[in-house]
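Here the structure is laid out as structure tokens; the discussion comes afterwards.
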Amino acid sequence: MIDLKKHAYEIEVLGFTIVEDFLSRAESAGLSNILDAALEEDAKRFQGNPYKKYSLIPNLALAGPAFLRLLDHEVMHAIYSHFLGDTCVLYTYSSTLLRPNETVDASKIHVDSPRLIPCYTSGLQMTLALSDFTPDNGATWYLPGSHRLEATPSAETFHRYAIQTSRPAGAALFWNPRVFHKAGENRTSEIRYGLSTYAVRSYMKPRFDFPRCLKDTDLSALSPRVKRFLGFDVRVPASMEEFYVDPKDRLYKANQG
Ligand SMILES: O=C(O)CCC(=O)C(=O)O
């Protein structure tokens, strides 16, 4: 198991921490292959749709059982629960790819949450490297301690103090979405593969209604923890019939924080 105290301290103070060996190199390569296939399938399915970004899968919960299984990772839950309580839910689950010489929105200095609530963590992200993240292929830059800042730092300040989070495939970066960051530049000829999970407090609204998205998927192999994380315990009734039920059958379970 990880040194939770150390990682929690780094997230608290720096705004981010790296957990090595979150997955093995082989497991990471397996996921990046599945990601490639999912990207190809998506490209066909949404061909001609002007809103579809060809490099992004915004909902990996729908990209097959391997991605659903990953949502049961012990270390991810230990860190998320520490900061967000053990009722926290998934906000987004997406690919984080960087193609050779590509400039993306994320190449600008930005944060992933518009709200700053001093001394309170409302969300936490994990970006898992599926290939090695290196200075050459655009490992992401993060400005330590900047999750406490309201205003965007100048480019000069950012570039003076930011740290490039190089790490091997299988290493996960946990970070506060208020940390100012930007993608690096991929100067290689290979795609840099990664994926991100973003967890929030249980009462916040996720970007996708995962239980509805997954209504036709067999979820019998999923643990209660993954179902809770996907938001199954904080659904709201859509009729009075759904409202007047035994508490154990309620869509919004008791004690969800
Ligand atoms: O692709 C990258 O390195 C940056 C990713 C990013 O900005 C994000 O996850 O919000």
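Odds and ends about this structure:
- Summing Cβ point charges (Lys, Arg +1; Asp, Glu -1) relative to the Cα centre of region 218-257 gives a dipole of roughly 260 debye.
- Taking only the Cα atoms of the chain, the ratio Rg/Rh comes out at 0.97, with Rh defined as the Kirkwood radius.
- Note on N33 and A78: the extension gain reaches 13.5 nm, defined as 0.36 nm multiplied by sequence separation minus the Cα-Cα distance.
- Amide proton proximity set for Y91, modelled H, under 5 Å, gap of 5+: Y198, A199, V200
- Distance from the C-alpha centroid of region 218-232 to that of region 186-205: 21 Å, rounded to the whole angstrom.
- One decimal place: the segment F46-S189 gains 48.9 nm when fully extended, by the rule 0.36 nm per residue minus the C-alpha distance.
- Kirkwood hydrodynamic radius over Cα pairs of region 156-257, then Stokes diffusion coefficient at 25 °C and 0.890 mPa s, in µm²/s: 138 µm²/s
- Proportion of all alpha-carbon pairs of region 18-133 beyond 26 Å (%): 28 percent
- This model, with +1 at the C-beta of Lys and Arg and -1 at the C-beta of Asp and Glu, gives the chain a dipole about its Cα centre of some 520 debye.
- Estimated [θ] at 222 nm from DSSP helical runs (n ≥ 4, -39500 (n - 2.57)) normalised by residues in the chain, nearest 500: -7500 deg cm²/dmol
- Acute angle (nearest 10 degrees) that the helix 25-45 long axis makes with the longest principal axis of the chain, alpha-carbon atoms: 70 degrees
Any read-out appearing in this document is the output of simple, stated calculations on the displayed coordinates, not a laboratory observation. This structure is a prediction, so every number in the text was calculated from the model and none was measured. As a convention, Cβ positions derive from the backbone with ideal geometry for all residues, glycine included, and neighbour counts pool all protein chains shown.
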